[in-house]
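What follows is one structure encoded as structure tokens, with my remarks underneath.
Read the figures in this text as sums done on the coordinates, not as results from a lab. Model, not experiment: these values are computed from the prediction. Cβ sites come from the backbone with ideal geometry, for glycine too, and all protein chains shown count toward neighbours.
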Amino acid sequence: MTQTTEFLAHLNPSQRQAVEHYCGPLLVVAGAGSGKTRALTYRIANLVLTHRVDPENILAVTFTNKAAREMKERIEKLFADRESHSQFGKPLDSLPPYDQTKLKSKVYKNITKHLWIGTFHALCSRILRLDIEKFQDEKGRSWDRNFSIFDESDAQSLVKDIVTNRLNLDDKKFDPRSVRFAISNAKNQSWSPQDLEREQQNYRGRVIANVYSMYQDALVANNALDFDDLILMPVKLFRQNEQVRAYWHSRFRHVLVDEYQDTNRTQYDLIRLLVTNSDSTQTFDQWEYRSVFVVGDADQSIYSFRAADFTILMGFQKDFGDQLPDDDTRTMVKLEENYRSTENILALANHLIDNNTERIDKVLKPTRGAGEAIFCYRADDENAEAEFVVQQIRVMEAKHPELHWGKFAILYRTNAQSRAIEEVLVKHDVPYKIVGGLRFYDRKEIKDVLGYLRAIANPADTVSLLRVINTPRRGIGKATIDSLVRASQELDVPLWEILTDETSVKTLSGRSSKGVLSFVQMLQKWRSQLDTLPANQIVQGIMEDSGYMQDLKIQGTEEAEDRMQNVGELYNAVLQFEEQNTDDPSLIGFLSSASLSSDLDNLEEEVTRVSLMTLHSSKGLEFPVVFLVGLEQGLFPNFRSLEDPAALEEERRLCYVGITRAQERLFVSYARERRLYGNREPASPSLFLAELPRELMQSNVATAIPTRWTKPSAASSRGPSETTSLPDTHEDDWTVGDRVVHKAFGSGQVTHIFGAGNKICLAVKFAGMGQKIVDPKLTPLQRV
Ligand code: ATP
Ligand code: MG
């Protein structure tokens, strides 16, 4: 093995096969902790080091910013001590001509700067910053490159404003949150307001379609996008403009996606548009230097509420396999060894997930020792549970030098559960951080300052303008603002144009017009500095001149003090952004990254802390010691899933994700009584506890682990033995379109067929239940 490839020794043969894969499609499927992410990371390194692929031609998509950051770190580590890779790898003349010319003159010092690694949202925002001006929506409207990204709370306020102020609807009947959800759903299916109306022919559907249409108008008027548009728009743009698509297609010759089981249709469309060439004259030669490499685990699919669809993972070979002319044997790799967890933890996880009916069996073998038993703690209430957890952490931290605070994680089902735990952590002075919780960028003061920045960068962003026009107070009253907004609506121009129009401003009362004038002058001054001053100086100018900091200072409360510190932290974030993005340190670049960031932890100095997070945020991560708290029926699994078999299976996958985060030790706990949403309620242990193998567990009281689950719900029926009332069809001559009846899911229709012969699996769309994957051998289906 050459010096370049010595890192390949840290891989097993299957991983190696995946890592050494050079071109064409490849699917890596495997259970948790089997080194999927490792394989993906090493493959990037291998592409550059061995195949001498230009890092600029590589795109890696991760599911969270945290995962993106971790991946960057892992790759940097692989490249550590290597000044450049130019002297390694294959001799230049053995490379395809394209790579030769590109690489001859390039030597990369800091490789991750040149790779595109990030979330779907970050990728799309970068594409749109360059190309959004080439896009037109179905009404011929367009955006400019200074667009604002409205986050969920911005989007919801917009919906709320339309529902209550503009349409005068009852916001109890049309709860802005559920309306926003319906709009988001429609967007995820690429439906226009008209499509939505057609799909849902009832009063509610018509109203929501109307709100959707007005909401979209408002986004256009603000030159803004929401999170859904961010992904949808590049897809539409690529379909609309072949030149643009061809550019990005040639840019990314190697596309890699982690956590592929959680992609939704739109994200899938994007990948497909990037990877495949719609030009049917494309030859195999061109395809040869292109690859799409995805890794995933259907048992960890936990985002169906965001339209994630794991049938996409199962369909990969069929979707992309035909790109290779005659060889599809090399399109899938399975990994079967788990390197993360002790044998006990792994057995527990495997045992639990086996209770799901809709899954394809796979092998996951331990490579580590048995380890300690899993400990189950029954607490009297949530405070006692928190005391137990924190006590354990303190004892272990003191006893084992290698276990610093950063090695512990506490995982829970809902954000609200963190409060009780945080209190006890604070009481005992244990440093902690909440991962992916209330985002730093969601705090009021941060949104205010960002509001200034957005209003400067994007004059059409009326939402931001309204946020800051009288913050801090500068004598511009509500009536004044209303009349200005009305004028802008009547003339159908952005509010900014009214503010800068002297005649309109002169009609205002003296005090108001003075306030408006000085506000406008301030903004104009900052805007004129955009091209000449670095972003940090603009932020500094705002902090000083807008009166915002001054106002907080005068308030003098502890809260105001806190807010000032946060604004200071934002300034630090800008400085850091400029350091890290020397190629494009612009204010607009910073604003995108702020809209897409999910937590503050990359701004913190290197202090180790206990991590607190929801199970959803823990995907892909690992910790030596994990506490899984709140295993109570109705909390986890959550109450909405109790009557819904498919939702219950998703909760079980979430539990599987939680358990498999643990490397050395796992604690599970529940309380007999819990205060949730204000009410103190008796609680009973989770169904999932009853499903865990007792022989691997210890507990504080003998009866802590329920042996039987007394009230099994429909979905816990485990396999054929209990579902014998329907005849077992055992046929494999299925065809797409077959109509079937399933005992738990009702009637449905076959939409895809995966695999062949003995290994066949079907995707079935059940009325009102959505799409499911079933193995007709395990799940008796009746053809009708
Ligand atoms: P998840 O499904 O949870 O995302 P994963 O399949 O992506 O898990 P990784 O995070 O890549 O798994 O790997 C799990 C752990 O096992 C990591 O600590 C990784 O460094 C280690 N690991 C992976 N492959 C090997 C190997 N061949 N030898 C030793 N350790 C390995
Ligand atoms: Mg992973």
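For a bin width of 10 Å, list the pair-distance distribution of the range 606-701 built from all Cα-Cα distances, rounded to whole %. Once binned at 10 Å, the Cα pair distances of the range 606-701 give 14, 44, 35, 7, 0.
Simple spin-label estimate for residue 749 and residue 22 gives 4.6 nm between the two label positions (7 Å along the Cα-to-Cβ direction from each Cα).
For residue 671, the amide hydrogen comes within under 5 Å of the amide hydrogens of 379, 630, 631, counting only partners 5 or more places away or on other chains and with H modelled in the peptide plane. For the range 101-253, the fraction of C-alpha pairs farther apart than 18 angstrom is 63 percent.
Take 636-645, 733-742 and order them by the average number of nearby Cβ atoms within 10 Å per residue, most first; the result is 636-645, 733-742. Label-to-label distance, residue 10 versus residue 360, with points set 7 angstrom from Cα along the beta-carbon direction: 3.0 nm.
The string of couplings for the range 347-359 from the Karplus curve (6.51, -1.76, 1.60, θ = phi - 60°) is 4, 4, 5, 4, 4, 5, 5, 4, 6, 7, 7, 8, 7 Hz, one whole number per residue in order, with x for Gly and Pro.
On the basis of the beta-carbon distance and an R0 of 56 Å, residue 698 and residue 73 show a calculated FRET efficiency of 0.95. Close amide-amide hydrogen proximity is noted between residue 226 and 150, each under 5 Å apart and 5 or more residues distant or on a separate chain (H modeled in the peptide plane; Pro and chain starts excluded). Here the 3J(HN,Hα) profile of the range 239-248, calculated from phi with Karplus coefficients 6.51, -1.76 and 1.60 at θ = phi - 60°, is 6, 7, 10, 5, 4, 5, 4, 4, 4, 5 Hz, Gly and Pro shown as x. Kindly identify the range 538-674 as rounded, prolate or oblate by the Cα gyration tensor criterion: order the square roots of the eigenvalues as a ≥ b ≥ c, call it rounded if a/c is under 1.5, otherwise compare a/b with b/c, prolate if a/b is larger, else oblate. Prolate. Projecting the alpha carbon convex hull of the range 1-73 along each direction and taking the average yields 5.4 nm².
Within the range 122-163, what residues put their amide N at less than 14 Å from the label point 7 Å along the Cα-to-Cβ vector of residue 210? Answer for the range 122-163: 162-163. Alpha carbon centre of the range 644-709 versus the range 350-404: separation in Å? Answer, in whole Å: 11. Karplus-based coupling profile of the range 559-566, in residue order and whole Hz: 4, 5, 4, 4, 5, 4, 5, 5, with θ = phi - 60° in 6.51 cos²θ - 1.76 cosθ + 1.60 and x standing for Gly or Pro.
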